[in-house]
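**Q** What follows is a single structure, and I will ask about it in a moment.
The values are calculated or read from the model by the stated rules, or taken from the named source; none is laboratory data. The structure displayed is predicted, hence computed values, not measured ones. As a convention, Cβ positions derive from the backbone with ideal geometry for all residues, glycine included, and neighbour counts pool all protein chains shown. Note: areas computed on protein heavy atoms with side chains; ligands, DNA, RNA excluded. Shrake-Rupley method; radii C 1.70, N 1.55, O 1.52, S 1.80 Å.
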Amino acid sequence: MNSSRLRVLFVTSEAYPLVKTGGLGDVCYALPNALRQLDVDVRLLLPGYSEVLERLSLVEVHDSINVYPLLEPIRLLVGIMPGEITPVYVIDCPSLYQRDGGPYQDITGKDWDDNAVRFGVLSKIAALFGEHRFLFKPQIIHCNDWQTAITPAWLAFSDQAHAKTIMSVHNMAYQGIFEAETVGRIGLPPESFNMFGLEFYGKLSFLKAGIYYANQITTVSPNYAKDIQTPNYGCGLNTLLTERQYKLTGILNGIDSKVWNPETDIYLNRNYSVRNISAKVRNTQALRNKLNLANSKQVPLIGMITRLTEQKGIDLVIPIIPMLIKTGVQIAILGSGDKTLEMHLQRLEARYPKQVSVTIGYDEQLSHKIEAGANMFLMPSKFEPCGLNQMYSMSYGTIPIVRRTGGLADTVTDATPENIQNKIATGFIFERSNANELLHCIERAVKIFHNKEIWKQLQITGMTRDFSWQKSAKQYISLYHHSINTI
Ligand code: ADP
């Protein structure tokens, strides 16, 4: 082992292309790659879901561990990320991770009953790495979201020399809250269970543990770092976050240009770049054909790819669809989640089959086709820690329409007359979470869509923005060094 290289264990419950349900999966692929390019020895630790074991290359057994007396012994495997060189450690424990359904929920959408143990084990093994129990001895354990967030608590109570911890919050709304008895069940020190620790109103909060005990806390955009210190967005942890302000940093996510690049994207009907934006139209035609939408060239096609949850503001979109159809737009939605929202959307598709397309499910390939084929992309989120699709959209010449919140506000520049004049506009922004405001904003975008010259300028400005991970990866490296050098 070259001891001068920074050693980081990146712990996560999902990482593309092994397993992905949302932005966390994309980030946990792209950021480690960017760090490796900057010569950091970063390795991943993931649960051994069936799809992870199927997709991982060159797997071998690394170690065998008994974490809990009642649990089968766990095999720690090591493999290589497909198409990359990043080593990935995988926790092989079939009774916890190999089942039909998603990483967090069963096929009916219900959280797995034993999530506290499933992710308690993930956090515990990360802590064992932190105590240097295995061959790879990281200086930093980089935890991502609640599923990994009790690692800092275990290390804070460890009597061994151990690694420093970074807690990255990708979404405050998911905290991993469980009954108090879970503390004993997963073997946390009883003295950690109080207000000045991991207790949250009589229950155990994984995320609070991470925020409370980590050496550094990050979130995925500068604006969201401010938002979460307020009662509206802090989900009950705003006061603690304000106290921890001195170690809270907002670092903007980037996008991986190997996966999201219209010039090389393998899923597109026609590749294009800022030098031949006109070729984008081939993707629009192909998308209309695929989704059985009317072939109306003069009408803008709006895309939306999203988890169907309250957060994403789909409830603002549903009531205005009839008005939008009258204004002259088409809409292509890809998403899954809340069953009532799915049903409302499917009804709208049945009512306007040539103008509205709704695909329920998770479809990586179609998501790329929508990014390339749509003219505009809708993200009317109630809150948005960073958001990746607005950045994918801008780099695909697809103009985002977003609410001014979190990372959306950090990344999109509104097409005000002044910004258009200064050639810095990249999208359309509305302020309040309100269907009327959204409707007006879309109408504003449609008007400009018909002005080909201004529209092309918006596309060029977005497509030439730098959304790469380079800058952000360097910020993480500074934070790693800062943590290592601070007692
Ligand atoms: P979040 O992490 O809150 O879901 P982000 O915008 O950060 O939102 O990231 C969402 C990621 O998940 C994007 O890569 C998006 O394309 C993808 N995604 C979301 N829903 C689907 C879906 N139904 N099918 C394919 N990809 C999806």
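**Q** Test residue 331 against the stated conditions and say whether it is among the β-branched types (Val, Ile, Thr), within 16 Å of the ligand (Cβ to nearest atom) and closer than 18 Å to residue 374 by Cβ. Don't jump to the end; show me each part of the working.
**A** On the way: among the β-branched types (Val, Ile, Thr): yes; within 16 Å of the ligand (Cβ to nearest atom): yes; closer than 18 Å to residue 374 by Cβ: yes.
Judged against the criteria, residue 331 is a match.
**Q** Further question: Could you check segment 233-278 and list, in sequence order, the residues that are open to solvent by 40 Å² or more (accessible area, probe 1.4 Å), aliphatic (A, V, I, L, M) and outside any helix (DSSP H, G or I)?
**A** Result: 252, 266.
**Q** Condition first: among the charged types (D, E, K, R) and touching a Leu at 6+ places or on another chain (Cβ under 6 Å). Now tell me which residues in segment 1-25 satisfy that.
**A** Taking segment 1-25 as the starting set, the residues that turn out to be among the charged types (D, E, K, R) are 5, 7, 14, 20.
Within segment 1-25, just 14 meets the criteria.
**Q** To continue, here is another question. Kindly list, by first and then second residue, each pair from a residue in segment 12-26 that is among the aliphatic types (A, V, I, L, M) to a residue that is within 8 Å of the ligand (Cβ to nearest atom) and open to solvent by 10 Å² or more (accessible area, probe 1.4 Å), limited to pairs with Cβ atoms under 6 Å and residues at least 6 apart or on different chains.
**A** Final answer for the pair search is 24/170.
**Q** Can you work out which of the residues in segment 175-201 that are part of a strand (DSSP E or B) and closer than 28 Å to residue 487 by Cα is most open to solvent (accessible area, probe 1.4 Å)?
**A** Restricting attention to segment 175-201, the residues satisfying the condition of being part of a strand (DSSP E or B) are 177-178, 199-200.
Right, trim to closer than 28 Å to residue 487 by Cα and you get 199-200.
On the way: 199: 51, 200: 33 Å².
It comes out as 199.
**Q** If residue 356 satisfies every condition in (1) over 20 Å from the mean Cα position of the chain (by Cα); (2) within 16 Å of the ligand (Cβ to nearest atom); (3) of a type in the set (Val, Ile, Thr) but one, which is the exception?
**A** Residue 356 satisfies all of (1) over 20 Å from the mean Cα position of the chain (by Cα); (2) within 16 Å of the ligand (Cβ to nearest atom); (3) of a type in the set (Val, Ile, Thr) except (2).
**Q** Let me ask something additional. Could you say whether any residue in segment 284-295 is surrounded by fewer than 22 Cβ atoms within 10 Å (Cβ to Cβ), within 24 Å of residue 29 (Cα to Cα), within 16 Å of the ligand (Cβ to nearest atom) and not small (Gly, Ala, Ser)?
**A** There is no residue in segment 284-295 that is surrounded by fewer than 22 Cβ atoms within 10 Å (Cβ to Cβ), within 24 Å of residue 29 (Cα to Cα), within 16 Å of the ligand (Cβ to nearest atom) and not small (Gly, Ala, Ser).
**Q** Right, here's the next one. Just one of the numbered conditions (1) under 19 Å from the mean Cα position of the chain (by Cα); (2) away from the ligand (no atom under 12 Å from the Cβ); (3) surrounded by fewer than 23 Cβ atoms within 10 Å (Cβ to Cβ) is not true of residue 361; which one?
**A** (2) is the only condition that residue 361 fails.
**Q** While we're here: Looking at segment 315-337, I want the residues that are of a type in the set (Ser, Thr, Tyr) and have a partner that is more than 16 Å from the ligand (Cβ to nearest atom) with Cβ atoms under 7 Å, at least 6 apart or on another chain. Which pairs are those?
**A** From segment 315-337, the pairs are 327/443; 327/446.
**Q** For a quick check of your reading: which helices (runs of 4 or more DSSP H) sit entirely within segment 386-472 and have at least 3 residues that are outside the structural domain of residue 27 (by TED's automatic domain parsing) and closer than 25 Å to residue 367 by Cα? First the steps, then the outcome.
**A** Numbers: elements: 389-395, 406-411, 417-421, 435-449, 452-463.
Per the criteria, 389-395, 406-411, 435-449, 452-463.
**Q** Restricted to segment 202-232, and to residues that are open to solvent by 50 Å² or more (accessible area, probe 1.4 Å) and under 24 Å from residue 411 (Cα atoms), which residue is nearest to the ligand (Cβ to nearest atom)?
**A** Out of the qualifying residues, it is 222.
**Q** May I pose another question? For segment 52-64, give me each residue that is crowded, with 17+ Cβ neighbours inside 10 Å and at pLDDT 85 or above.
**A** 52, 53, 56
**Q** Would a scan of segment 302-318 turn up a residue that is closer than 24 Å to residue 455 by Cα and assigned to a helix (DSSP H, G or I)?
**A** Taking segment 302-318 and keeping what is closer than 24 Å to residue 455 by Cα, we get 302-305, 317.
Of the ones still in play, those that are also assigned to a helix (DSSP H, G or I) are 317.
Yes, there is a match, as at least one residue in segment 302-318 is closer than 24 Å to residue 455 by Cα and assigned to a helix (DSSP H, G or I).
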